[in-house]
Each structure stands twice: as C-alpha cells, then as structure tokens.
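To keep things clear, I will list the structure first and then write my remarks on it.
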Amino acid sequence: MFNKLYTVLLAVILLCSCSSHSELEKLHIGISAYEKSDLMVKLIFDDRFSPPAGAIGCCWGNAQKKGSFWGAEIPHKVDVEWRDYKQAKLYRASFKVQRKKAYHIIDELTPVTFASGRVDDDVNPFIIFGFGEGGEVKMWISNSAFAGVKGRILEEIGSAQATWEPFELTDEMFN
C-alpha cells in the first residue's frame, strides 16, 4: 500500500514540476534600441539557436526589426553581442530568462485595439529586446510589436549590463 501511494505521489510531483509549456504555436522576436543608434546585433538562445537580428537604429521597447517562428520556445538563457557603430564599442552580455513568468504572461495575453478601432483577437506573443546607449540589454514579453495600441502588455523577463571593448571603425564596415 505504501509503495503504491509513494509511486502515485512521485508521479504527481514529476508531472507538476514539468513545464506546462514548451513549444508555442507562433513566437515573434523583435529588436529595439535607443533613439538614433547604429547597432549590429547577434542573439543566441540556449547556446544553439540564433534568430536573425541584424542592424537596428531606434525605438526602445518597440519591435522595429522582427521575425516570426513556429514551434519555438522561450529560451532559458540568452547571449547577446552587438556593435555600436556610433560609440565604436563591441558589447557582450548573457542573462537567464524568467521563463515561468513569460509563460504565465503568455497564458494571460489579451487582445489589443489599434487606433483604427480594429481589434486583434488572435494575439501571439512577442519577445522584444532593447539595447541601451549605456550597454544595458532588456528582454520583454508583449502582445504587440509597438506602443500606442490599447491593451498593450510589456513585461520584462530578462536583463543584463554588458561588458564592452573598443573596436576600430574602418571604411570596409560601411561599404
């Protein structure tokens, strides 16, 4: 009797400890930076996946550059590297993602209403990265790529302060 009860309790604990989420139907990834910046960004999720990021030049907290992925997961860890051409600095940072918080927010995402009055009921999550002028990097989860829509959620789920080293700007970088 005790062995059966123990086995059932162990199974329940294992089931409860497993994440209720893994793959998302669709996940949008967006990149933002400080106003009038000139950045080249590289992201690496969990040491194995590198979504395209590329060049970015504005709009903190808004997904200026974005891509969509099907069957993606919220990463456990993010490594970032970016060149700030205005500052001639190469920044690097790593941080852990608050996955539990992210999935909780995803479960609670609400529709957004655009200025035109159109309502988007089919809300897919956005993770948006922000790269600041002082080397800070933030990761948010949202239900919209841009501010200015009614009902927008923008919650931080990761951040770090990057280290940096100077690099020399050459003409080849701009050709």
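Here are the numbers:
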item	result
Where a residue in the range 78-98 is within 24 Å of Thr170 (Cα to Cα) and its partner, wherever it lies, is open to solvent by 50 Å² or more (accessible area, probe 1.4 Å) and acidic (Asp, Glu), with Cβ under 6 Å and at least six apart	Tyr85/Asp38; Lys86/Asp38; Leu90/Glu165; Arg92/Glu81
Residue check for Gly117: of a type in the set (Gly, Ala, Ser) and at pLDDT 95 or above	no
Qualifying residue in the range 8-22 (condition: modelled with pLDDT of 50 or more and surrounded by 10 or more Cβ atoms within 10 Å (Cβ to Cβ))	yes
Scope the range 118-148; condition farther than 22 Å from Lys77 by Cα and in contact with a Leu (Cβ under 7 Å, 6 or more places away or on another chain); matching residues	Val123
Of all residues making up the range 129-152, the number that are surrounded by 18 or more Cβ atoms within 10 Å (Cβ to Cβ) and either among the acidic types (Asp, Glu) or touching a Ser or Thr at 6+ places or on another chain (Cβ under 6 Å) (or both)	2
Strands (runs of 3 or more DSSP E) wholly inside the range 59-175 containing at least 1 residues that are under 28 Å from Leu24 (Cα atoms) and touching a strand residue (DSSP E or B) at 6+ places or on another chain (Cβ under 6 Å)	65-72, 77-84, 89-96, 126-131, 136-142, 154-161
When residues of the range 36-53 are limited to those that are of a type in the set (D, E, K, R), closer than 11 Å to Asp79 by Cβ and not in a strand (DSSP E or B), the one modelled with the lowest pLDDT	Arg48
For Asn62: the one exception among (1) open to solvent by 70 Å² or more (accessible area, probe 1.4 Å); (2) modelled with pLDDT under 90	(1)
Subset of the range 23-52 [without any contact (Cβ under 8 Å) to a residue 60 or more places away in the chain and open to solvent by 80 Å² or more (accessible area, probe 1.4 Å)]	Glu23, Glu35, Lys36, Met40, Lys42, Asp47, Arg48, Pro52
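The values are calculated or read from the model by the stated rules, or taken from the named source; none is laboratory data. Just so it is clear, the structure is predicted and the values come from calculations on it, not from any experiment. Positions of Cβ are backbone-derived with ideal geometry, glycine not excepted, and every protein chain shown enters the neighbour counts. Quick note on the areas: whole protein, heavy atoms, side chains included, nothing else; ligands and nucleic acids left out. Shrake-Rupley method; radii C 1.70, N 1.55, O 1.52, S 1.80 Å.
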